[in-house]
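Single-structure report; data block below.
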Amino acid sequence: MCEVLDRIEQRGISIGERMGEQRGISIGQNRVVELFSRLKEQGRMDDISRALSDREYLEELLGERE
């Protein structure tokens, strides 16, 4: 019986991890879209281009808003 409960618990943990991962991805995508939209409105196309190839710069830009 304990083995069955362990498998059920592990399945629940796996499902929770997948759901959390998907939620995190969605939040991250929304942040980047919002950032790029704001940069485009401000005419900062060079910043968008740089952020696409420079991960540290992207993080810096994301931090500007916080």
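The values are calculated or read from the model by the stated rules, or taken from the named source; none is laboratory data. Note that the structure is a prediction, hence the values are computed from the model and not measured. We place every Cβ from the backbone using ideal geometry, glycine too, and count neighbours over all the protein chains shown. Accessible surface is based on the protein model in full, side chains and every heavy atom, while ligands, DNA and RNA are left aside. Shrake-Rupley method; radii C 1.70, N 1.55, O 1.52, S 1.80 Å.
The residue 15 and residue 59 beta-carbon pair, evaluated with R₀ = 25 Å, returns a calculated FRET efficiency of approximately 0.25.
Roll a 1.4 Å probe over the protein chains and send me the accessible area per residue for the chain in Å². Before the final figure, lay out each step's value.
On the way: 5560 Å² over 66 residues.
Value for the chain: 84 Å² per residue.
Computed about its Cα centre, the charge dipole of the chain is approximately 280 debye, with only Lys, Arg, Asp and Glu carrying charge at their Cβ. Ordering 49, 16, 61 by the projection of their Cα atoms onto the charge dipole of segment 10-66, which places +1 on the Cβ of Lys and Arg and -1 on the Cβ of Asp and Glu, puts 16 at the extreme positive end.
The portion of the accessible surface of the chain made up by carbon and sulfur, rounded to a whole percent, is 51 (1.4 Å probe; DNA, RNA and ligands excluded).
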